[in-house]
Amino acid sequence: MRIVVVDDDKLVCEALKTILEAEKDISVLTIGHNGKEAIELYHNLKPDILLIDIRMEILTGLEAGEAILKTDKNAKILFLTTFSDDEYIVKALKIGAKGYIIKQNFECIVPSLKAVYAGQSVFGDDIVSKIPSLINKNNKTDFSNYGITGKELEIITTVAEGLNNKEIASRLYLSEGTVRNSITNILEKLNLRDRTQLAIFYYKNR
């Protein structure tokens, strides 16, 4: 797994490089310190994942990520930041970032990179818990266009709220087995991998 690390704090970059290269299957190609460098390094080196901070000089990580994704929609960008500001989370979701994790959760960095490399989206628990409160209540999407029924939309909404299968079953007066099967069917209809991606999909389309 080939990684480019970009952070305006040089000590953080070196610490991340040390942590990541302790893993046999991770190689840090280089490090950068601002958004402009991030764009140049991504296009020059084509890393598997760009691990990037948000608040930086010249261009922010979000501005850099958006520019990269406009030219390469398959780019895998994982934001690593000290800030869980709602505005940043919304922007990261909208531009198509593969993840957003908090620096303080250092133990999550390697597992998050591996998950993103495997094609998953990764948003830390503290970020996922914010998603329901960020949901725009003005409908933008007719979910029936995806073959989603009214009952399935209710289930999607409860997943986005962070409820587990037992809690969903209790709220919607369904069996846990029905909830579990429905979520599997919903994921297949929407071509999504997991509950986190489902919550993000709901957020982005409401």
(request) Could you list, in sequence order, all residues of the stretch 50-83 that are over 16 Å from Asn105 (Cα atoms) and of a type in the set (S, T, N, Q)? (result) Thr60, Thr71, Asn74
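Using the structure shown, decide if Thr81 is farther than 19 Å from Ala97 by Cα, among the hydroxyl-bearing types (Ser, Thr, Tyr) and surrounded by 13 or more Cβ atoms within 10 Å (Cβ to Cβ).
Answer is no for this residue.
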(message) If I filter the stretch 153-161 for residues that are more than 29 Å from Ser112 (Cα to Cα), outside the structural domain of Tyr100 (by TED's automatic domain parsing) and not charged (D, E, K, R), do I get at least one hit?
(response) no
(request) Scan the stretch 154-164 for residues that are assigned to a helix (DSSP H, G or I) and under 22 Å from the mean Cα position of the chain (by Cα) and jot them down. (result) Ile155, Ile156, Thr157, Thr158, Val159, Ala160
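When the stretch 176-197 is examined, which residues are found to be assigned to a helix (DSSP H, G or I), closer than 16 Å to Gly96 by Cβ and among the hydrophobic types (A, V, I, L, M, F, W, C)?
Result: Leu190, single match.
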(request) Filter the stretch 37-63 down to residues that are under 16 Å from the mean Cα position of the chain (by Cα) and surrounded by 19 or more Cβ atoms within 10 Å (Cβ to Cβ) and give me whichever is nearest to Asn205 (Cα to Cα). (result) Leu62
(request) Could you check how many residues of the stretch 73-95 are of a type outside the set (Phe, Trp, Tyr) and either within 21 Å of Glu14 (Cα to Cα) or free of Cβ contacts under 8 Å to residues at least 12 places away in the same chain (or both)? (result) 8
(request) Only residues that are without any contact (Cβ under 8 Å) to a residue 12 or more places away in the chain and basic (Lys, Arg): list them for the stretch 1-41, please. (result) Lys24
(message) For the stretch 47-71, which positions are closer than 21 Å to Tyr117 by Cα, in contact (Cβ under 8 Å) with a residue 12 or more places away in the chain and not aliphatic (A, V, I, L, M)?
(response) Pro47, Asp48, Asp53, Gly61, Gly65, Glu66, Thr71
(message) All but one of (1) touching a Pro at 6+ places or on another chain (Cβ under 6 Å); (2) surrounded by 18 or more Cβ atoms within 10 Å (Cβ to Cβ) hold for Ile148; state the number of the condition that does not hold.
(response) (1)
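The values are calculated or read from the model by the stated rules, or taken from the named source; none is laboratory data. These numbers were taken from a predicted model, which means no experiment stands behind them. Note that each Cβ is placed from the backbone with ideal geometry, even for glycine, and that neighbours are counted across all protein chains shown.
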